[in-house]
Amino acid sequence: MAGDSFLAKCPSCGAKNRIPAGRVAAQGRCGRCQAKLPARSFFAEAPVEVGEARFDLVTRMSPLPTLVDFWAPWCAPCQALASVLAQLASELAGRLLVIRLNTETAPTTAARFGIQAIPTLVILRSGIEVDRITGVLPLPAIRARVERFL
């Protein structure tokens with residue numbers, strides 16, 4: 001998924017509508033049938049890159065538990081974990097929101113969460129941390145940790 005955007009499924013016609021992260025709390029209209037889209041009715045089928053400016057908005061407004069991947073582009077384990085998280089986001093779309101936050105471009109948020117090692121995965125509910133995973137784990141282990149909060 002490119003940029004800071006999500007998908008919202010129209011309750012009337014089932015069309016997928018792309019919504020910018022800054023408008024996740026606003027009520028919009030379906031691009032196909034013009035029906036009203038419920039506020040906060042978004043999901044993502046792939047990890048979404050979220051910048052520091054949108055992080056709080058997205059994590060606090062999400063009706064779904066949010067898995068945050070704190071990573072950096074130079075980190076080889078982070079790159080290895082990316083494909084695992086893509087598969088997890090696809091499997092749990094509509095039940096879990098997976099976002100990625102680059103610690104190089106978002107040092108304030110990384111510091112606020114006390115990120116001292118990467119990759120670190122933090123599970124949030126309404127912006128509040130409920131679990132943390134540090135390091136690379138296989139998909140079944142991450143899925144088991146996350147499913148407790150779905």
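The values are calculated or read from the model by the stated rules, or taken from the named source; none is laboratory data. Because the structure is a prediction, the values reported are computed rather than measured. Here the Cβ positions follow ideal geometry from the backbone for every residue, glycine too, while neighbour counts run over all protein chains shown.
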Has the stretch 101-119 got any residue that is under 14 Å from the mean Cα position of the chain (by Cα) and either over 23 Å from Pro20 (Cβ atoms) or modelled with pLDDT of 95 or more (or both)? yes
Test Lys9 against the criterion of being at pLDDT 80 or above, farther than 19 Å from Glu129 by Cα and not acidic (Asp, Glu), and give yes or no. no
Exactly one condition in (1) loosely packed, with under 15 Cβ neighbours inside 10 Å; (2) at pLDDT below 90 is not met by Ala80; state its number. (2)
Of those in the stretch 97-150 that are among the small types (Gly, Ala, Ser) and in contact (Cβ under 8 Å) with a residue 60 or more places away in the chain, the residue surrounded by the fewest Cβ atoms within 10 Å (Cβ to Cβ) is Ser126
